[in-house]
Amino acid sequence: MSESPNIVRVAALIADNARAEVLCALMSGRALTATELANMAGVTKQTMSFHLGKLLDEALVTVEQQGRHRYFRLAGTQVAELLETLMGLAVRSEGIHLVTGPRDPALRKARVCYDHLAGELGVWVYEQMLQAGIFQLHSGGLQLTEYGRVWFQQLGIDTDEVASSKRSFCRGCLDWSERKDHLAGALGAAFLNRIEALGWAKRAENSRAIVFSAKGEKAIWAMFATPSALPARTQQPAATGTATQLT
């Protein structure tokens, strides 16, 4: 008998369509009730209770009681990272001729990937960060530069405080619709939280979509102020001069 961890049991749990719908829905980062999850998965509340029990038993989700309601979340970043990887593998295995990504233009443009920015804008921002020298790619992974530390500080993010988290500090995460990386890890989450706090964007109701205001899109573009164009749906005029200082 193999002494390796039994991945078959966990894989079988995720392989069920209804449970897969639950896990993908919880990638929004929101806590959802069994009724909400049942509606999303197209099953009865009784069936959903059975599925949630299975997911709780294997520590893939957690539950929190508030009054009469029970709210379910993903059990943590490890589960989210597993789902992100599976989404990327699923797209890759379906063939190069497949038109990838969500049909909803809002989801394709910008969405939350558990706790960080994904979609066209997420990928574009990450590419701009690399080009600007905010991060450097090494054999050991993604590394924040000294310039990047100052850049995030100007945005209002204390990278030392973010780095004190027990989770991965910063990493690239394969965007399943764009097939390129976006910024993930504790710093990716801090970046999304900050642009929400600034009022540049907000999470759509009952959706993983991130809705940017016109001011927010302009501010995101102005962060880098390069000739590079934003994705077509958010294109801005070409910039002149040096990068805009953030305040």
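Quick grid of which residues meet (1) aliphatic (A, V, I, L, M); (2) touching a Lys or Arg at 6+ places or on another chain (Cβ under 6 Å); (3) without any contact (Cβ under 8 Å) to a residue 12 or more places away in the chain:
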position	(1), (2), (3)
Ile7	yes, no, yes
Val10	yes, no, no
Ala18	yes, no, no
Ala31	yes, yes, no
Met48	yes, no, no
Gly53	no, no, yes
Thr62	no, yes, no
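When the range 41-78 is limited to residues that are at pLDDT below 90 and assigned to a helix (DSSP H, G or I), the one that is surrounded by the most Cβ atoms within 10 Å (Cβ to Cβ) turns out to be Thr77.
Of the residues contained in the range 158-166, one or more are found to be of a type in the set (S, T, N, Q) and touching a helix residue (DSSP H, G or I) at 6+ places or on another chain (Cβ under 7 Å).
Residues are listed down the side, and each one gets a yes or a no for (1) assigned by TED's automatic domain parsing to the domain that holds Leu37; (2) over 30 Å from Asn39 (Cβ atoms); (3) touching a Ser or Thr at 6+ places or on another chain (Cβ under 7 Å); (4) at pLDDT below 85:
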position	(1), (2), (3), (4)
Phe169	no, yes, no, no
Arg179	no, yes, yes, yes
Gly188	no, no, no, no
Ala197	no, yes, no, no
Ala204	no, no, no, no
Ser207	no, no, no, yes
Val211	no, no, no, no
Ala222	no, yes, yes, no
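The values are calculated or read from the model by the stated rules, or taken from the named source; none is laboratory data. Keep in mind the model is a prediction, meaning the values are calculated, not measured. Note: ideal-geometry Cβ built from the backbone for every residue, glycine included; neighbour counts use all protein chains shown.
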